[in-house]
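Here is the structure we will look at.
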Amino acid sequence: MKAVRGMHDLFGAEIAKWKFIEENVRSVFAQFGYQEIRTPVLEHMEVFSKTVGDETDIVEKQMYQVQKENESLVLRPEGTAGFMRAVLEHQLHRDSSCQRYFYYLPMFRHERPQKGRLRQFHQFGAELINDSSPEADAEMIALLNAIYKKLGINEYDIRINSVGCAECRPQFREALANFFKSHLNELCEQCQKRFERAPMRILDCKKESCQAVAKSAPLITTCLCAPCNEHHRRLKTRLEEAELAFIDDPTIVRGLDYYSKTAFEFTSSLLGAQSALGGGGRYDHLATRFGEKPFPAVGFALGMERLVIALEAKNSLPILQFSPMLYLAALGPQSLDVLFPLSLVLKEEGITTEIPYDSGKSLKSHLKNSNRLQCKFTLILGEDELKKNVAALKDMEKQTQVEISLDHLKIELLKRIKSEH
Ligand code: AMP
């Protein structure tokens, strides 16, 4: 049996890399004052179908569905819709002060797997609610930027755009629909179907033929209303003040329906074909899709697997090996009687300890093992030592050895090993 296509097991050196990245990203969220939120893997289908958009690839083809009795559930394909469901359910937005959350969760999308595109992948995300100002958008971009900088990734572009609002987007949709109407036979089958209902989706279509047509499509910038224009202008000023270099890119529309005003993407040459490192935007009207009053919100998501790819491309992931401090070599059953209880006591005292329970192994094979694990010390207890009521402590690096009386073995070991820490 093999794991499901596009879903991976993680172990050994991979886990060490992931932990390194996870700890660094979490530390940046803490620095910026974001608190964690965890939502369930399964949500009701409507959480996504009503919010992400019927015409999106995610809702149309990529959701994993679970039918149980009368419930139609899906495995979470993205973080924001479930976050919004949780906010509304627990009334978190009623405390009208600005609130900051982050999440780190597995996502599931039935996509065609390739490098950087999986069916189970992991996203870190941030969401800031109850603040409609461009400064909140600038904070989001600065936060995402700080995460990449913390990890030593500098090779990316920040692309920003405004996707308009309920006031001005209808004009843009109409202009787009008219434009695509005159290029219908150049579009893929799916885009031909959706050009009237969801013309903005075509801008996001990955098919070459559609991208070629989209290149000369009208730009949202020509349709933005005065408040959207002003919001975008102030965001740009804030980014300039913060010395965050960006590209004002009117083709960034993001794949999901719920965005308004600011949309942004970080793309990197380190990634190959799947060049999106992370992205997000403002979603002030998402609550209305749940039948609730709107409140301002902005967020982003970044792919964990793509961080791993970027850091591997730079060769800057540490190869971390877990090395116990002390290796206990029990030569014979009587020695194991002494060293087994000692190993438990030492572990409780915080000394990482390796002890093989096969007391028939030779000293040579114990020392080989200890070297392989890169243990700092090896404690040897064989027949000779037992007769003398001592154990031999070998410093594996210095290749020196001292004898310690079995009467104060624990205290002596703690003293010597802790002084090395
Ligand atoms: P999205 O939710 O599609 O805006 O994606 C946000 C980020 O998640 C992207 O920039 C990628 O880094 C990552 N991502 C999205 N889809 C996948 C996938 N299928 N496999 C791996 N990472 C993904």
Compute the distance in nm between two label points, each set 7 Å from the Cα along the Cα-to-Cβ direction, one at R38 and one at R5.
3.2
Put a dot 7 Å past each Cα toward the Cβ at L414 and Q120; how far apart are the dots in nm?
4.2
Over all alpha-carbon pairs in the stretch 326-418, figure out the percentage whose distance exceeds 15 Å.
54
I want to check the label-to-label distance for A313 and S133. Put each point 7 Å from Cα in the C-beta direction and report it in nm to one decimal.
3.6
What is the chain's relative contact order, in percent, from Cα pairs under 8 angstrom and six or more apart in sequence?
15
Straight-distance crosslink candidates among aspartates and glutamates, where the alpha carbon sits under 17 Å from K50 and sequence neighbours closer than 8 are dropped
E60, E71, E78, E89, D257, D284, E292
Enter the angle in degrees (range 0 to 90, nearest 10) between the Cα long axis of helix 409-420 and the first principal axis of the Cα atoms of the chain, meaning the one along which they spread out most.
50
Extended-chain gain in nm, criterion 0.36 nm per residue less alpha-carbon gap, S72 and K347:
94.2 nm
Could you give each residue of the stretch 137-142 its phi-based ³J(HN,Hα) in whole Hz, using Karplus coefficients 6.51, -1.76, 1.60 with θ = phi - 60°, and x for Gly or Pro?
5, 5, 4, 4, 5, 5
Write down the accessible area per residue of the chain in Å², having rolled a 1.4 Å probe over the full set of protein chains.
50
GNM on the chain, C-alpha springs below 10 Å: top fluctuator among L409, L151, L187?
L409
Return the sequence-ordered ³J(HN,Hα) values of the stretch 204-209 in whole Hz as given by the Karplus equation 6.51 cos²θ - 1.76 cosθ + 1.60 applied to θ = phi - 60°, using x for Gly and Pro.
9, 5, 8, 5, 4, 4
For helix 169-181, report the angle its Cα long axis makes with the longest principal axis of the Cα atoms of the chain; keep it between 0 and 90° and round to the nearest 10°.
80
Per GNM of the chain with C-alpha springs under 10 angstrom, the most fluctuating residue out of K361, K261, K293 is K361
Please report the relative contact order for the stretch 183-297, taking Cα pairs under 8 Å with a sequence separation of at least 6, and give it as a percent rounded to a whole number.
16
Counting other Cβ atoms within 10 Å of each Cβ, which trypsin sites (Lys or Arg not before Pro) in the stretch 111-194 have at most 10 and sit in a DSSP loop?
none
Where does helix 304-313 land angle-wise versus the long Cα axis of the chain, in degrees 0 to 90, nearest 10?
70
If the chain between A166 and L406 were fully stretched, how many nm would it gain, using 0.36 nm times the residue separation less the Cα-Cα distance?
78.5 nm
In whole percent, how big is the carbon plus sulfur part of the accessible area of the chain, probe 1.4 Å, protein atoms only?
50
I need two numbers for the chain: Rg to one decimal and Dmax as a whole number, Cα atoms only, in Å.
28.6, 96
Using the Karplus equation 6.51 cos²θ - 1.76 cosθ + 1.60 (θ = phi - 60°), what ³J(HN,Hα) coupling, rounded to whole Hz, does each residue of the stretch 278-291 give in order, writing x for Gly and Pro?
x, x, x, x, 8, 9, 5, 10, 4, 4, 5, 5, 9, x
Can you pick out the pairs among K19/K149; K19/K410; K181/K206; K61/K206 whose Cα atoms lie more than 23 Å from each other?
K19/K410
Counting only residues 5 or more places away or on other chains, whose amide H sits under 5 Å from the amide H of G278 once H atoms are built in the peptide plane?
F266
Note to self, the chain gives a 222 nm [θ] from helices alone (DSSP H runs n ≥ 4, -39500 (n - 2.57) apiece, / all residues, nearest 500) of -11000 deg cm²/dmol
Could you check which residue among P199, P333, P113 shows the biggest mean-square fluctuation in a GNM of the chain with a 10 Å Cα cutoff?
P333
Test of understanding: extend the Cα→C-beta vector of K368 to 7 Å, then name every residue of the stretch 320-355 with backbone N under 17 Å from that spot.
329-331
Summing +1 per Lys or Arg and -1 per Asp or Glu among the other residues with Cβ less than 10 Å from D395's Cβ gives +2
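The values are calculated or read from the model by the stated rules, or taken from the named source; none is laboratory data. Values in this document were obtained by computation on a predicted structure and should not be read as measured data. Using ideal geometry, Cβ is built from the backbone for each residue, glycine included, and neighbour counts are taken over all protein chains shown. For accessibility, only protein heavy atoms count, side chains too; no ligands or nucleic acids. Shrake-Rupley method; radii C 1.70, N 1.55, O 1.52, S 1.80 Å.
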